[in-house]
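What follows is one structure encoded as structure tokens, with my remarks underneath.
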Amino acid sequence: MRFWLRNEEMALEEMVQRLNAVSKNTDEIMHQDIVPLCAADIQEQLKKRFAYLSGGRGQDGSPVITFPDYPAFSEIPDKEFQNVMTYLTSIPSLQDAGIGFILVIDRRQDKWTSVKASVLRIAASFPANLQLVLVLRPTGFFQRTLSDIAFKFNRDEFKMKVPVMMLSSVPELHGYIDKSQLTEDLGGTLDYCHSRWLCHRTAIESFALMVKQTAQMLQAFGTELAETELPNDVQSTSLVLSAHTEKKAKVKEDLQLALKEGNSILESLREPLAESAAHSVNQDQLDNQATVQRLLAQLNETEAAFDEFWAKHQQKLEQCLQLRHFEQGFREVKTTLDSMSQKIAAFTDVGNSLAHVQHLLKDLTAFEEKSSVAVDKARALSLEGQQLIENRHYAVDSIHPKCEELQHLCDHFASEVTRRRGLLSKSLELHSLLETSMKWSDEGIFLLASQPVDKCQSQDGAEAALQEIEKFLETGA
């Protein structure tokens, strides 16, 4: 019993470790261990699209963040701006983010004063490593000229913050970033839809949270199962097994729903490529697919860890139920065998006549036949116990003595019946001999009494009577 409990404790500990790893890995996948922000938390801020992560990459793999033309950029609250920046920079892999971000700031329709304020604001509060800032300066003649002059005078100020390149045209931008890595509004061919991006990010993060919560739920459920005390009767054990099996079915149903949700998201992420083979998938889209695939793998691992634990727990409950059935059967059979042994012990009468002994033997046979049902049940129960032992039941120390006791009770009862039958058989033989002797004696008496007195008056008559009596005596062996 202690071995089994230790075995389940080890199974629970292993499952908890694996589920903790799943939860931790889920945080790492979504960078929740570094930036505890989700798209759903700042959905309204992201919808404004004053900055977006298109999925484009620089030549060395650096992620591109685009700041499109947004007239109300200066009115965005600092907290809101910081949230969006923190979130966008948390999406690329740590390796890509480590290279440094490239910022493309489109201010072709803006004024120089706004451009300067935007660049300095972005550079001053950007929460990640910056590699390069590319600014599409105002296209109006006056503003372009002003930006040329102002930028020369303010070059040192910009250099103190971050490398800034003032670009006069979109083709000039293409000299820094390939067209395939730029969106259509920047003269590129990169497919990007902000609403679709936001939808995908929200779905992915919701799925990641689902995976984490599922792991935590399974961990709590596993602990609940492991801490359940084993009942001491059949009915309670059956109820516990039924309740746990029902809960497990619900857990498995939730797991299947989560897997279905993950596969649905993955299918949605692959949809653009499925619609057109010529469609180019950007790095962020590839990363999103990889993220969901990893989350699905984590979910499968979560399910596998729980299944392993459940198999051991279910076996424990099923063995407990087997034990309770065995114990209940043992108590019932032992009570019956004890009662039978008391009855056979009370059968002390050996009979006072042949007919009485024959009646007692008939009663003994009937009692033995009636008792055979209980004896057969006891022997079958003992075999059942031996089978449990052979199947490595956790309660071998409890089952084995009961099996031996059942064998002893059956053997003792059979021995008592045999002993009783032996006594009655001897009594039957004795009364049979006595009855035969009495008949012989009666015949002898009759023979003597039936001899005529006058027959013995002569020698020949007397000799004839004597021979007849001697002949009769010879039959008395």
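The values are calculated or read from the model by the stated rules, or taken from the named source; none is laboratory data. The model shown is predicted, which means the values in this text are computed figures rather than measured ones. Here Cβ is always computed from backbone atoms with ideal geometry, including for glycine, and neighbour counts include all displayed protein chains. All accessible areas refer to the heavy atoms of the entire protein, side chains included, with ligands and DNA or RNA removed. Shrake-Rupley method; radii C 1.70, N 1.55, O 1.52, S 1.80 Å.
Structure values in brief
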read-out: Prolate/oblate/rounded call for the stretch 419-477, Cα gyration tensor, a/c under 1.5 rounded; value: prolate
read-out: Tail fraction, Cα-Cα pairs, the chain, threshold 36 Å, whole percent; value: 62 percent
read-out: Estimated vicinal HN-Hα couplings, Hz - the stretch 67-75 in sequence order (Karplus 6.51, -1.76, 1.60; Gly, Pro = x); value: 10, x, 4, 9, x, 9, 4, 5, 8
read-out: Whole-angstrom gap from the stretch 72-128 to the stretch 165-211, using each part's C-alpha centre; value: 14 Å
read-out: 3J(HN,Hα) from dihedral phi, the stretch 47-60, Karplus parametrisation 6.51/-1.76/1.60, rounded to Hz, x for glycine, proline; value: 4, 5, 6, 7, 7, 8, 9, 6, x, x, 10, x, 4, 9
read-out: Dipole of the stretch 323-450, positive direction: furthest Cα of 440, 423, 342, with charges on the beta-carbon; value: 342
read-out: For the chain, size of Cβ-based charge dipole, Lys and Arg +1, Asp and Glu -1, in debye; value: 2860 debye
read-out: Extreme residue, positive dipole direction of the chain, given options 459, 244, 299 (C-beta unit charges); value: 299
read-out: Angle between the chain longest axis and helix 283-346 axis [Cα atoms, degrees, rounded to 10]; value: 10 degrees
read-out: Under 14 Å, Cβ to Cβ, from residue 80 - net charge with Lys/Arg +1 and Asp/Glu -1; value: +1
read-out: Set 250/316; 24/47; 343/377; 111/179; 24/48; 343/439 screened for pairs whose C-alpha atoms are more than 24 Å apart; value: 24/47; 111/179; 24/48; 343/439
read-out: The chain - accessible surface per residue (Å², probe 1.4 Å); value: 54 Å²
read-out: Karplus 3J(HN,Hα) series, Hz, for the stretch 352-367 with 6.51 cos²θ - 1.76 cosθ + 1.60 (x for Gly, Pro); value: 10, 7, 4, 5, 5, 5, 4, 5, 5, 5, 5, 5, 4, 4, 5, 5
read-out: Charge dipole magnitude, Cβ of K and R +1, D and E -1 - the stretch 282-404, Cα centre, debye nearest 20; value: 580 debye
read-out: Distance-filtered residues of the stretch 406-434 - backbone nitrogen under 16 Å, label point 7 angstrom along residue 370 Cα→Cβ; value: 417
read-out: The stretch 182-308 shape via C-alpha gyration tensor axes, a/c threshold 1.5; value: prolate
read-out: For residue 130, distant residues with modelled amide H under 5 Å away; value: 101
read-out: Amide H partners (placed H, <5 Å) of residue 110, local residues excluded; value: 139
read-out: The stretch 370-477, dipole about Cα centre (Lys/Arg Cβ +1, Asp/Glu Cβ -1), debye to the nearest 20; value: 720 debye
read-out: The chain - percent of accessible surface contributed by carbon and sulfur, probe 1.4 Å; value: 54 percent
read-out: Cα gyration tensor of the stretch 323-450 - equivalent ellipsoid semi-axes, whole Å, descending; value: 48, 11, 9
read-out: Cut-off under 5 Å, modelled amide H: who pairs with residue 104 long-range; value: 65, 66, 67, 134
